[in-house]
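Beneath this line is the structure, given in structure tokens, with notes to follow.
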Amino acid sequence: MPGSLFLALIHARSGRKLPIAAVLAGLLIFPAVLAVGAESATLAIKVDQVGYPLDGPKVVFVSAPAETFQVRRSSGNAVVFQGKLAPPQADPNTGDQVQTADFSGLRQAGTYYIEVPGVGRSWNFTVGKNVFQRTYYLAMRGFYGQRCGTAVDLGTEFPGYSHPACHLHGEFHPSSGAKGPRDNIGGWHDAGDYGRYMVNSGIATGTLLWAWEIYGEKLKNISLEIPETGNGTPDILNEARWNLEWMLKMQDGDGGAWHKQTSTHFSGFVAPEADTLPSEVIGTGAAPWKSTCATADLAAVGAIAARVYKPFDPNFAARALEAARRAWAWTAQHPDVTFRNPPGISTGEYGDANCKDERVWAAAELGRTTGEAAYNDFFLNHYAEFLPTLDSPPAENWSSVAPMGLWTYALSTSKGADAKAVAAIRDRTLTTARAVVERTRGNPYHVSLRAKDYVWGSNGVAAGYGIYLLIANVFQPDQGFVDTARDNLHYLLGRNTFSLSWVTQVGENPFQHPHHRPSGDGKQDKPWPGLLSGGPNADRQDAVLAALPKDLPPAKVYADRLASYASNEIAINWQASLVFLLAGELQ
Ligand code: G3I
Ligand code: 9MR
Ligand code: ZN
């Protein structure tokens with residue numbers, strides 16, 4: 001580390017100037033600081049703390065006035081590239097003046113940092129092939145860590161990140177229309193809480209299965225070191241099945257699916273096995289007790305599972321298809337049963353006033369899997385009213401799944417697809433994707449988020465833009481789509497106003513205090529690894545955010561605080577979107 005930077009560090013930390021003798025004494029007393037060069041990194045330089053692929057664009061941002069930059073080797077500090085910063089651009093979403101440092105010309109693999117004379121140095125990052133593979137591995141293992149109803153242990157790499165089996169006893173809540181015990185063991189804890197919710201399970205599991213369908217060749221040999229590893233099924237499918245099995249258990253004999261299984265209220269910040277509140281199967285509180293959105297989501301992911309697992313476990317595939325058909329039939333009988341928390345229940349609602357988009361998704365997936373006319377007819381009778389959702393990217397989220405339906409129809413290879421529908425879906429997606437590319441290039445931080453996108457789970461919105469672009473790229477390969485999807489990934493991994501990696505234990509400066517009960521129970525210094533934060537939320541729906549200065553620009557309304565569930569909770573839906581982006585990056 002250059003001496004001047006060390007001085008700056010001491011100066012910054014002490015808040016006053018120190019006599020040089022004190023600094024020299026500091027150097028002697030704290031030689032360890034010298035070894036960990038990046039301790040002195042400035043937050044004014046924003047890099048993807050994981051890295052940049054060898055062949056792609058390589059851009060970082062600087063939010064302090066400066067003229068030039070250098071790329072230096074982390075080991076030995078040799079300058080390998082230098083350039084001029086672009087003139088500053090004002091970014092209304094952050095309030096920052098942002099300058100671009102472009103070192104795309106660097107084509108040598110290695111570990112580097114950026115030095116900006118007069119400003120400081122950045123965190124270290126890697127340039128190389130397949131730079132995101134480890135992040136993919138950690139993000140997928142994030143799901144394993146969320147497993148409910150079984151002992152979890154991240155192994156020797158993360159000693160102590162383990163818990164005994166949790167939530168082994170369940171029962172029907174009166175709102176379900178049934179009585180008595182119903183264990184329904186399994187699934188993933190939804191988020192920082194221990195609830196399991198069908199609607200969010202639907203989009204999260206569906207997104208993982210889609211990642212498999214689109215990127216399976218790249219994913220099939222990646223071991224996640226989970227209990228099922230080596231059983232002949234690719235690990236991403238092993239992990240997804242953990243949740244699918246629970247979703248199947250949430251189906252009633254008549255085909256409908258209950259909405260969620262949670263305690264009546266959120267538990268305290270305790271380890272999973274220490275949460276002894278009864279785990280209740282919760283329904284709508286009145287006949288027919290199950291909800292349409294939950295049931296249609298089950299039909300959709302069951303239908304995907306039926307095609308995806310067929311080569312590996314035909315029996316499971318058949319079971320999933322049968323469940324999906326029965327779920328579909330239930331929604332035809334009960335097309336509009338929406339869910340609101342019944343009296344006495346205060347856990348997450350995932351309430352959605354309109355379940356028609358869920359039905360369109362289910363019809364499209366069932367049609368793609370079976371080729372049967374009834375599903376395709378339903379789709380063709382209803383898809384057009386959802387076409388406009390494609391014009392408002394990222395369009396797709398837990399409450400709005402029409403794009404999944406539209407895209408799966410257009411991606412289907414089954415015979416007899418309606419050419420007009422396919423063309424409309426493709427054209428609209430491509431037109432919008434091109435507009436997103438243009439807009440993102442014009443954004444000072446090269447992120448697709450607009451001011452109105454900084455809502456609860458905005459990091460999932462950023463990832464959602466990436467998914468949108470990667471789907472467009474399947475329709476018609478375009479390097480601009482791929483690069484812009486990656487821009488959104490760079491944002492999540494540190495190239496943002498906070499110079500913060502929003503994935504736990506990934507990069508040199510990851511966020512530290514997720515709203516995540518297993519991380520917040522005091523057992524470990526660092527949070528559980530590989531988990532994506534919800535991100536800035538200008539709607540400020542928690543007390544931490546409400547107390548931030550009133551005039552903060554939207555992208556700054558974030559707090560790395562455990563109590564900030566509206567900006568710093570982890571959740572399986574945005575985790576799955578992160579996995580999709582990372583899968584797209586694998587080589
Ligand atoms: O998208 C709208 C935007 O158009 C509108 O202008 C804005 C105005 O407030 O609201 C935006 O919607 C927000 C929506 O999240 C965005 O997805 C809602 O205000 C906000 O209330 C809603 O928050 C949901 C939150 O639960 C509260 O219900 C999140 O989507 C959802 O991810 C979150 O999920 C929770 C579960 O309930 C419980 N488990 C943890 C999980 C993650 O935090
Ligand atoms: O932990 C809960 C989190 O999963 C939810 O997203 C959030 C909003 O519904 O609520 C959290 O629980 C808090 C509750 O709403 C209010 N009391 C404090 C709880 C956090 O410990
Ligand atoms: Zn559990």
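The values are calculated or read from the model by the stated rules, or taken from the named source; none is laboratory data. Being a predicted model, the structure only gives us computed values, none of them experimental. Please note: Cβ atoms are built from the backbone with ideal geometry, for glycine as well, and neighbour counts cover all protein chains shown. Accessible surface is based on the protein model in full, side chains and every heavy atom, while ligands, DNA and RNA are left aside. Shrake-Rupley method; radii C 1.70, N 1.55, O 1.52, S 1.80 Å.
The magnitude of the dipole of the stretch 187-307, with charges of +1 and -1 set on the Cβ of Lys/Arg and Asp/Glu and taken from the Cα centre, is near 300 debye. For the residues E438, E365, a 1.4 Å probe over the protein chains yields an accessible-area ranking, largest first, of E438, E365.
May I ask you to give the solvent-accessible area per residue for the stretch 51-128, in square angstrom, as obtained with a 1.4 angstrom probe?
I get 41 Å² per residue for this part.
Spatially, the stretch 410-461 and the stretch 463-493 are offset by 9 Å when compared through their Cα centroids. Amide H to amide H, with H built 1.01 Å from N, A571 comes under 5 Å of L532, counting only residues 5 or more places away or on other chains. Net charge dipole, the chain: roughly 1040 debye, given to the nearest 20, about the Cα centre with Cβ charges of +1 for Lys and Arg and -1 for Asp and Glu. Ligands, DNA and RNA left out, the 1.4 Å accessible surface of the chain is 55% carbon and sulfur atoms. Compute the Cα gyration tensor for the stretch 166-281, then decide on rounded, prolate or oblate, letting a ≥ b ≥ c be the square roots of its eigenvalues: rounded whenever a/c is under 1.5, prolate when a/b is larger than b/c in the other cases, and oblate in all that remain. Prolate, since a/c reaches 1.5 and a/b exceeds b/c. When only alpha carbons are used to place a centre, the stretch 42-56 and the stretch 86-126 end up 8 Å from one another.
Within the chain, all pairs of alpha-carbon atoms sorted by distance into 20 Å bins from zero give the percentages 21, 54, 23, 3, 0. From the square roots a ≥ b ≥ c of the eigenvalues of the alpha-carbon gyration tensor of the stretch 457-496, which class results: rounded (a/c under 1.5), prolate (a/b over b/c), or oblate? The shape class here is oblate. Scanning the chain for long hydrophobic helices, with DSSP H runs required to stretch 27 angstrom or more by C-alpha along their axis and to average at least -0.5 on the Kyte-Doolittle scale, returns 198-219, 314-333, 419-442. Under 12 Å from a label point set 7 Å out along the Cα-to-Cβ vector of K179, no amide N atom of the stretch 282-321 is found. One decimal place: the segment H265-E322 gains 17.2 nm when fully extended, by the rule 0.36 nm per residue minus the C-alpha distance.
Based on protein heavy atoms only, the stretch 147-417 ends up with 36 Å² per residue of surface accessible to a 1.4 Å probe. Using Cα pairs closer than 8 Å and at least 6 residues apart in sequence, work out the relative contact order for the stretch 51-128, in percent. Answer for the stretch 51-128 is 39 percent. Compared with the direct C-alpha span, the chain from D427 to Q512 gains 26.4 nm at full extension, assuming 0.36 nm per residue. Here the relative contact order of the stretch 504-560, from alpha carbon pairs under 8 Å that lie six or more residues apart, stands at 33 percent.
In deg cm²/dmol and to the nearest 500, what is the mean residue ellipticity at 222 nm of the chain if only DSSP H runs of at least 4 residues count, each as -39500 (n - 2.57), divided by the residue total?
Roughly -12500 deg cm²/dmol at 222 nm, from the helical runs in the chain.
Taking 0.36 nm per residue of sequence separation and removing the Cα-Cα distance, the A86/K415 pair yields an extension gain of 113.3 nm.
Show the residues, 5+ positions off or on another chain, whose built amide H is closer than 5 Å to the amide H of A257. Correct list: D252, S291, T295. The mean sequence distance of close C-alpha pairs (under 8 Å, at least 6 residues apart), as a share of the length of the chain, puts its relative contact order at 15 percent.
Classify the stretch 147-417: rounded, prolate or oblate, from the alpha-carbon gyration tensor (a ≥ b ≥ c, eigenvalue square roots; a/c under 1.5 rounded; otherwise prolate if a/b is larger than b/c)? Oblate, since a/c reaches 1.5 and b/c is not below a/b. Considering only G283, H382, G155, the residue lying farthest towards the positive end of the dipole of the stretch 147-417 is H382, judged by Cα position with unit charges set on Cβ. Measuring only protein heavy atoms, the 1.4 Å probe finds D427 accessible over about 90 Å². Centre-to-centre, using Cα atoms only, the stretch 258-327 and the stretch 348-365 are separated by 14 Å. Between K526 and Q333, the modelled label-to-label distance comes to 5.2 nm, taking each label 7 Å out from Cα in the direction of the beta carbon. A DSSP coil position with no more than 14 other Cβ atoms inside 10 Å describes the following GluC sites (Glu not before Pro) in the stretch 29-138: E67.
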